[in-house]
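Participant: Please read through the structure below; I'll follow up with questions.
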Amino acid sequence: MGGARQAHRRAGVAARGRGVPGVVGRVQRAVGGPGAGAVLRAAGPADVVRAVEWARETGVPIVPRGGGHSYAGHSVNSGLVVDLRALDGIAVDPGSGLVTVGGGVLTGALYAALRPHGLALPLGNGATVGIAGLALGGGSAATSRRLGLTADTLRATTLATAAGTVLTCDGTENEDLFWACRGGGGGNFGINLDLTFQAVPAPAASTCLLLWEVAHAPAVFEAVQELMRTAPEEVSLRLGVATSGGRTLVSVVGLHLGPAAELRDILAPAFAAGPPSRADIADRDFWDAMDYLQHETAGGAFAVRTHFAVDPLPPEAVAQALAHLAAAPPSGNPDGCGFALFGWGGAINRVGPAATAFVHRDAQYLISLDTSWLPGEEPAPQLGWLAALDHLIAAHATGGAYLNFTDPDLRDWRTAYYGANYPRLVAVKRRHDPDGLFDFPQSVGS
């Protein structure tokens, strides 16, 4: 649904060219265009280290691919792509709650491994998203108001550096890299071979899905934005409005780490704002709740802009955005277009902005704007519409943007993604990758 996109566009690569000598993993070759490179399916950490050494020796650009879900396609390039999917080991220590995963583990597989142990982590709602990329960019989940960002639960990571060394990074060893790996973005400082997280006992949960016709949007936005700011941190809500196939709907999707009866009481102001056309509120165990919240997309092309906000969008801004949505250009993509606010705050904001590389610790809302189209459709009308909506919303935002919803058209991305933490990130980059081996559009130090 527009305005709620969580599943990232999968980027493929047509590969041909040089092999990587001395590497056990398989280099995939296919017919590619001029400048196309190769994809190495690393069989283990040794392959990754040898690939880094080879890239440094030959000057071939190198990027890691975990889940391959970069919005901007930064997990592929025209040089060497190191596919980490075979680094898929998961080790759970039920006693300590520490969970160590390989750099190619996907969110869905990690949820499945945690379930028998009754443990939980804030892992987002896209089953095929790579856990490494999610955590390295911050990692927002429906549980984050209570459990923090995915990056906040990271306790250690092993990194293959540009020098061809393997470093353990945690709170006492290589602390600068450990700091950078909690919100500084994947692929900037090396290739993460494994990551260790602190899990907690999985609580019982309940979920909600409420839908309204667009006529109720002004009242619903006023009521629910206030709820998002004042509800207990066990409650996380996403408020959105989207148009698809000529119909526009307002939606609230939510998770409560508590019983459905409590959630229904908390949502009373939303019901008072207007009678929903659909209202599903139900008790679920934690993993069924995560399944319920999984995002689905029709695929195709899309573009996203994001903002952080401290205060609710005022009524006049909501009215302008709704009018703009009513004038959206047509598209055959059923994902449509729209905008949404994700509840922020709680445990996220109890971490200082300089304590990790993730700087956006004062926001109450993450705002996502998106549009989509089908292959063969002209993207210019959709992108122009999105840019105009972005202009309307920006006046009510902090100037920040969410790194994991990477925007290749973002001009001042250094400040928007990293704020005051950017100079420190550049210093870490120059210390551990002085020649810029790990380089891509919007890479730190570029």
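The values are calculated or read from the model by the stated rules, or taken from the named source; none is laboratory data. Values in this document were obtained by computation on a predicted structure and should not be read as measured data. Cβ placement follows ideal geometry from the backbone for every residue including glycine, while neighbour counts extend to all protein chains displayed.
Participant: With the structure loaded, tell me whether Ala328 is under 23 Å from Pro408 (Cβ atoms), surrounded by 17 or more Cβ atoms within 10 Å (Cβ to Cβ), in contact with a helix residue (DSSP H, G or I) (Cβ under 9 Å, 6 or more places away or on another chain) and not assigned by TED's automatic domain parsing to the domain that holds Gly148 or whether it fails that test.
Facilitator: For Ala328, the condition - under 23 Å from Pro408 (Cβ atoms), surrounded by 17 or more Cβ atoms within 10 Å (Cβ to Cβ), in contact with a helix residue (DSSP H, G or I) (Cβ under 9 Å, 6 or more places away or on another chain) and not assigned by TED's automatic domain parsing to the domain that holds Gly148 - is met.
Participant: Could you list all residues from the stretch 240-262 that are within 21 Å of Arg284 (Cα to Cα) and either surrounded by 21 or more Cβ atoms within 10 Å (Cβ to Cβ) or of a type in the set (A, V, I, L, M, F, W, C) (or both)?
Facilitator: Scanning the stretch 240-262 gives Ser251, Val252, Val253, Gly254, Leu255, His256, Leu257, Ala260, Ala261.
Participant: Filter the stretch 332-376 down to the residues that are in a loop (DSSP other than H, G, I, E, B) and among the aliphatic types (A, V, I, L, M), then identify the one that is farthest from Tyr402 (Cα to Cα).
Facilitator: Ranking the qualifying residues of the stretch 332-376, first place goes to Leu374.
Participant: Moving on to the next point. Would you mind finding the one in Asp265, Asp280, Asp285 that is surrounded by fewer than 19 Cβ atoms within 10 Å (Cβ to Cβ) and either under 21 Å from the mean Cα position of the chain (by Cα) or without any contact (Cβ under 8 Å) to a residue 24 or more places away in the chain (or both)?
Facilitator: On inspection, the qualifying residue turns out to be Asp265.
Participant: When Ala326 is evaluated against the numbered criteria (1) over 20 Å from Arg238 (Cβ atoms); (2) at pLDDT below 95, which criterion, by number, is the only one it fails?
Facilitator: (2)
Participant: Still on this model: I'd like the residue in the stretch 396-446 that is of a type in the set (Ser, Thr, Tyr) and touching a strand residue (DSSP E or B) at 6+ places or on another chain (Cβ under 9 Å) and, out of all such residues, is modelled with the lowest pLDDT.
Facilitator: Residues of the stretch 396-446 that are of a type in the set (Ser, Thr, Tyr), as a first pass: 398, 402, 406, 415, 417-418, 422, 443, 446.
Checking which are touching a strand residue (DSSP E or B) at 6+ places or on another chain (Cβ under 9 Å) leaves us with 398, 402, 406.
On the way: Thr398: 97, Tyr402: 97, Thr406: 93.
So, considering only residues that are of a type in the set (Ser, Thr, Tyr) and touching a strand residue (DSSP E or B) at 6+ places or on another chain (Cβ under 9 Å), the one modelled with the lowest pLDDT is Thr406.
Participant: List the number of the failed condition for Asp291; all other conditions in (1) out of contact with any strand residue (DSSP E or B) (no Cβ under 9 Å at 6 or more places or on another chain); (2) at pLDDT below 95 hold.
Facilitator: (1)
Participant: Given the conditions (1) surrounded by fewer than 24 Cβ atoms within 10 Å (Cβ to Cβ); (2) free of Cβ contacts under 8 Å to residues at least 60 places away in the same chain, and given that Gly126 satisfies all but one, which numbered condition is not satisfied?
Facilitator: Tallying (1) surrounded by fewer than 24 Cβ atoms within 10 Å (Cβ to Cβ); (2) free of Cβ contacts under 8 Å to residues at least 60 places away in the same chain, Gly126 fails exactly one: (2).
Participant: Can you confirm whether Phe440 is touching a Lys or Arg at 6+ places or on another chain (Cβ under 9 Å), crowded, with 19+ Cβ neighbours inside 10 Å and either under 21 Å from Ser70 (Cβ atoms) or of a type in the set (Lys, Arg) (or both)?
Facilitator: On the way: touching a Lys or Arg at 6+ places or on another chain (Cβ under 9 Å): no; crowded, with 19+ Cβ neighbours inside 10 Å: yes; either under 21 Å from Ser70 (Cβ atoms) or of a type in the set (Lys, Arg) (or both): yes.
Against the criterion (touching a Lys or Arg at 6+ places or on another chain (Cβ under 9 Å), crowded, with 19+ Cβ neighbours inside 10 Å and either under 21 Å from Ser70 (Cβ atoms) or of a type in the set (Lys, Arg) (or both)), Phe440 does not qualify.
Participant: Give Phe308, Phe271, Phe302 a once-over and let me know the one that is more than 30 Å from Arg115 (Cβ to Cβ), aromatic (Phe, Trp, Tyr) and touching a His at 6+ places or on another chain (Cβ under 6 Å). Write out each step before concluding.
Facilitator: Values: Phe271 fails: touching a His at 6+ places or on another chain (Cβ under 6 Å); Phe302 fails: touching a His at 6+ places or on another chain (Cβ under 6 Å).
Exactly one of Phe308, Phe271, Phe302 is more than 30 Å from Arg115 (Cβ to Cβ), aromatic (Phe, Trp, Tyr) and touching a His at 6+ places or on another chain (Cβ under 6 Å), namely Phe308.
Participant: If you don't mind, another one. Enumerate the pairs (first residue in the stretch 350-374 and in the same structural domain as Ala326 (by TED's automatic domain parsing); second residue anywhere and part of a loop (DSSP other than H, G, I, E, B) and aliphatic (A, V, I, L, M)) with beta-carbon separation below 7 Å, excluding pairs fewer than 6 apart on the same chain, so at least 6 apart or on different chains.
Facilitator: Pro353/Val359; Phe358/Leu149; Arg361/Val351; Asp362/Val310; Ala363/Val310; Gln364/Val310; Ile367/Ala397
Participant: Quick check on the stretch 68-79: of everything there that is touching a Ser or Thr at 6+ places or on another chain (Cβ under 9 Å) and not small (Gly, Ala, Ser), which residue is modelled with the lowest pLDDT?
Facilitator: It comes out as His69.
Participant: Looking at the stretch 139-233, what strands (runs of 3 or more DSSP E) fall wholly within it and have at least 3 residues that are touching a Cys at 6+ places or on another chain (Cβ under 8 Å)?
Facilitator: Hits in the stretch 139-233: 154-160.
Participant: If I go through the stretch 186-210 residue by residue, how many of them are on the phi > 0 side of the Ramachandran plot and either among the charged types (D, E, K, R) or modelled with pLDDT of 95 or more (or both)? Steps first, please.
Facilitator: We begin by selecting, within the stretch 186-210, every residue on the phi > 0 side of the Ramachandran plot; these are 187, 190.
Add one more test, that the residue is either among the charged types (D, E, K, R) or modelled with pLDDT of 95 or more (or both), and what stays is 190.
Going through the stretch 186-210 one residue at a time, the tally reaches 1.
Participant: Ok, one more. Of everything in the stretch 302-331, what is in a loop (DSSP other than H, G, I, E, B) and either among the polar types (S, T, N, Q) or under 24 Å from the mean Cα position of the chain (by Cα) (or both)? Give them in sequence order.
Facilitator: Pass one, the stretch 302-331, residues in a loop (DSSP other than H, G, I, E, B): 310-314, 327-331.
Listed by number, the residues that qualify are Val310, Asp311, Pro312, Leu313, Ser331.
Participant: With the structure loaded, tell me whether Pro94 is in contact with a His (Cβ under 9 Å, 6 or more places away or on another chain), within 14 Å of Val200 (Cβ to Cβ) and not in a helix (DSSP H, G or I) or whether it fails that test.
Facilitator: The answer is yes for Pro94.
Participant: With respect to Ser236, determine if the residue is among the hydroxyl-bearing types (Ser, Thr, Tyr), buried (at least 22 other Cβ atoms within 10 Å of the Cβ) and either without any contact (Cβ under 8 Å) to a residue 40 or more places away in the chain or not assigned by TED's automatic domain parsing to the domain that holds Ala142 (or both).
Facilitator: Yes; evaluated as a whole, the condition is true for this residue.
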